[in-house]
Amino acid sequence: MESMTIGTFLWTALGAFLTLCIFSFLYKDNPLYKLAEHLVVGVSAGYFVIILWHNGLVPNLFSRLSDGDFYFLWLNSSKPWYLIPSILGMMMWTRFIRKWAWVSRWPMALYIGIATGLAIPLEMKNRVLTQLDAAMRPVDWANFFGNGYLDPISGYSHIIIFFGTIAALFYFFFSKEHSGVFKGVARLGIWILMIGFGASFGYTVMARISLFIQRIQVLEDFTNVAWGGSGAFLLIWFITFGIFVLLSIYEFIKYLGRPRNA
Amino acid sequence: MNIFDRLMSIDRRWVFLFLALVCVVIYASDISVKITVTDEVRKIYNFTDNLKPGDVIFVAIDYDPNSLAELHPMTYSIVEHAWRKNLKIIFTSLSQNGPGMADLAIRQISDSLAVPQEYNGVQYPARTIVNGEDYVFLGYKPYPALVIVGMGQNFRIPFPTDYYGTPLDEHPMMRGIQNYDQVKCVIDISGTSGVDMWIAYGQTRYNFPLALGLTGVMAADYYPYLNSGQVFGIMGGMLGAAQYELLADNPGRAYDAMRVQLFAHMVIILFIVMGNVGFLMTRKRSKL
């Protein structure tokens, strides 16, 4: 407690309170949840505007136009060409005036043109050519079983990847009826896809639990700050659980007492 | 209504409650679990560990506070490990709500090195991490793809100044550092689609060694890039962070959370089995 400031206590307490507000949604939607949700959206939007101003516009436009002197020396700038992107940026704002909205198409066209020109060759190499190459590597028979289970450089991994890719592609080939051998390969393709979805699902479960664990840690930090690590976070949790249980029992009683034809 | 019907109609709130109860009780207990380290995490550790003092690495802290549960432990363990090895780090934060959080994390990690510690049997004396000498934090710029391409030509194009407003040329560390050619690797710790841009516009175009630290939700989607050699290592979710902490002999919050993860997964598997048994039995009965 001796090193704790009032500010630390208040911010940590606010964090703990908002955490519980968000968790209250697990019971059902309520004003406390709405408060926390709107606060997150509002703070994020406000923060982003300030970050954009100080990290984007000021160093990359204003400072360059004013040669380090802020704002009012634009006409004396040694880099006047920075006016061009600033004008293009302002042209985007014409979208808000119906009569002049067409002007915004010029900077938009320029941006999309640059982005497309940049993206097509790189994405072709990144997502198509390199991945094709990776799916068709020669099998290293000398290292067929690799150094351990599912070793990505082993020979059998290459065989699984090659046939798995072909089978998954078969499933998405709808120009031919799925029957006979084709059906068998397409079913193998479904299995391959399901294994992929299962891996994603498993990771997603771990991710969601991770978020909850981190919140437990934050509440423990709060009780450590407030009461010096007496394990009081358990008390807060059990009070929360108790409220949750009482409310759930109340809902259950309401459910039992509902009209039968409802 | 028999037991299977009840299984099918159980209120989801009881499931949440039971799961939360298990997590909190396990967290409060002294149970510990062992974890194994996967090759894709070990490769990142070995790469960093084998660099020479003074080498420069690039760490992109591309996530918002909503992903910090999984990704902060990665940032803390990697950066602390790199600074213990006397590496120099260039940071960016190309996620719009991330720069303030990244700045705080960098300061906290700096503070943690201010006391002598022993890791993997090696004594590390206390040291002061100096902005401009040990690291440079470039901050945020919008449109990550263009920023990544711009940095490939010169860091000074998208970032004439660092996050604190100091021109990059005033930092001793940045002398002779022009672009990715002078950094040994890029480690992108990401909870956003920015990771696609690092692969496409960074690694594919400039061919630097790239490692990824990803949220659990994203991790499985990026293993094809590991297989193709476009990335040399992946840390997936809190487990990846825990593995790095274990390798760096610096167990922290991710490693501590693994015991809770274990029991939470057991509870979820139990509920999945119960739900499927209930579903199959009620379907079987309806067919009769």
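Since every read-out is calculated from the coordinates, none of them should be taken as a lab result. Nothing here was measured: the structure is a model prediction, and the numbers come from that model. Every residue, glycine among them, receives a Cβ derived from its backbone with ideal geometry; neighbour counts consider all protein chains shown.
Computed as a quarter of the hull surface, the mean projected area of the alpha carbon convex hull for region B:35-251 stands at 10.6 nm².
For the protein assembly as shown, what number results from the quotient of the Cα radius of gyration and 2.2 N^0.38 Å?
Numbers: Rg = 26.8 Å, N = 550, 2.2 N^0.38 = 24.2 Å.
With N residues counted in the protein assembly as shown, Rg over 2.2 N^0.38 Å equals 1.11.
With 10 angstrom as the radius, rank A:Lys176, A:Lys125 by how many other C-beta atoms surround their C-beta, starting from the fewest.
Final ranking by Cβ density, sparse to dense: A:Lys176, A:Lys125.
Using a simple spin-label model with pseudo-atoms 7 Å out from Cα toward Cβ, A:Tyr250 and A:Asp133 lie 6.4 nm apart. With the charge dipole of chain B set up from +1 on Lys and Arg Cβ and -1 on Asp and Glu Cβ about the Cα centre, the Cα lying farthest toward the positive end among the listed residues B:His81, B:Gly54, B:Ile177 is that of B:His81. The charge dipole of region B:1-120, taken about the Cα centre with unit charges on the Cβ atoms of Lys, Arg (+1) and Asp, Glu (-1), comes to about 120 debye, rounded to the nearest 20.
Highest mean first, the peptides B:232-241, A:135-144, A:203-212 sorted by other C-beta atoms within 10 Å per residue fall in the order B:232-241, A:203-212, A:135-144. Remark: spin-label model distance A:Ile120-A:Thr5 equals 5.6 nm, labels positioned 7 Å along the Cα→Cβ axis. Measuring spread by the Cα atoms of region B:186-288 yields a radius of gyration and Dmax of 19.4, 65 Å.
Peptides A:89-96, B:75-82: what's the order by average Cβ count within 10 Å, highest mean first?
Details: A:89-96: 13.5, B:75-82: 24.5.
Top of the packing list down: B:75-82, A:89-96.
Grouping the Cα pair distances of chain A into 5 Å bins from zero gives a pair-distance distribution of 1, 4, 6, 7, 8, 8, 7, 7, 10, 13, 13, 10, 5, 2, 1, 0, 0 percent in increasing distance order.
Filter the chymotrypsin sites (Phe, Trp or Tyr not before Pro) in region A:152-184 down to the DSSP loop ones having no more than 14 other Cβ atoms within 10 Å, then list what survives. The partial results should precede the final answer.
Details: sites: A:Tyr156, A:Phe162, A:Phe163, A:Phe170, A:Tyr171, A:Phe172, A:Phe173, A:Phe174, A:Phe182; in loops: A:Phe172, A:Phe173, A:Phe174.
When the chymotrypsin sites (Phe, Trp or Tyr not before Pro) of region A:152-184 are filtered for loop state and at most 14 Cβ neighbours within 10 Å, A:Phe172, A:Phe173, A:Phe174 remain.
Cβ-to-Cβ counts within 10 Å put A:Trp237, A:Trp11 in ascending order as A:Trp11, A:Trp237, the fewest first. Among A:Thr116, A:Thr8, the order by Cβ neighbours within 10 angstrom, fewest to most, reads A:Thr116, A:Thr8. Summing +1 for each Lys or Arg and -1 for each Asp or Glu among the other residues whose beta-carbon sits under 15 angstrom from that of B:Tyr143 gives -1.
Span-like helix check, chain B: qualifying full DSSP H segments, with Cα axial length of 18 Å or more and mean Kyte-Doolittle of 1.0 or more, are B:12-28. Charge dipole of chain A (Cα centre as origin; +1 on each Lys and Arg Cβ, -1 on each Asp and Glu Cβ, all else neutral): 1200 debye, rounded to the nearest 20.
Computed about its Cα centre, the charge dipole of chain B is approximately 1080 debye, with only Lys, Arg, Asp and Glu carrying charge at their Cβ. Within chain A, which whole H helices from DSSP have a Cα span along their axis of at least 30 Å and a mean Kyte-Doolittle hydropathy of 0.0 or more, if any? Qualifying helices, which must be both long enough and hydrophobic enough, are A:31-52, A:180-227, A:232-256.
Once the piece of chain linking B:Arg42 and B:Asp30 is laid out straight, how much longer is it, given 0.36 nm per residue of separation minus the C-alpha distance between them? Each step should come with its number before you reach the end.
On the way: separation 12, 0.36 × 12 = 4.32 nm, distance 2.73 nm.
Using 0.36 nm per residue and subtracting the Cα-Cα distance, I get 1.6 nm.
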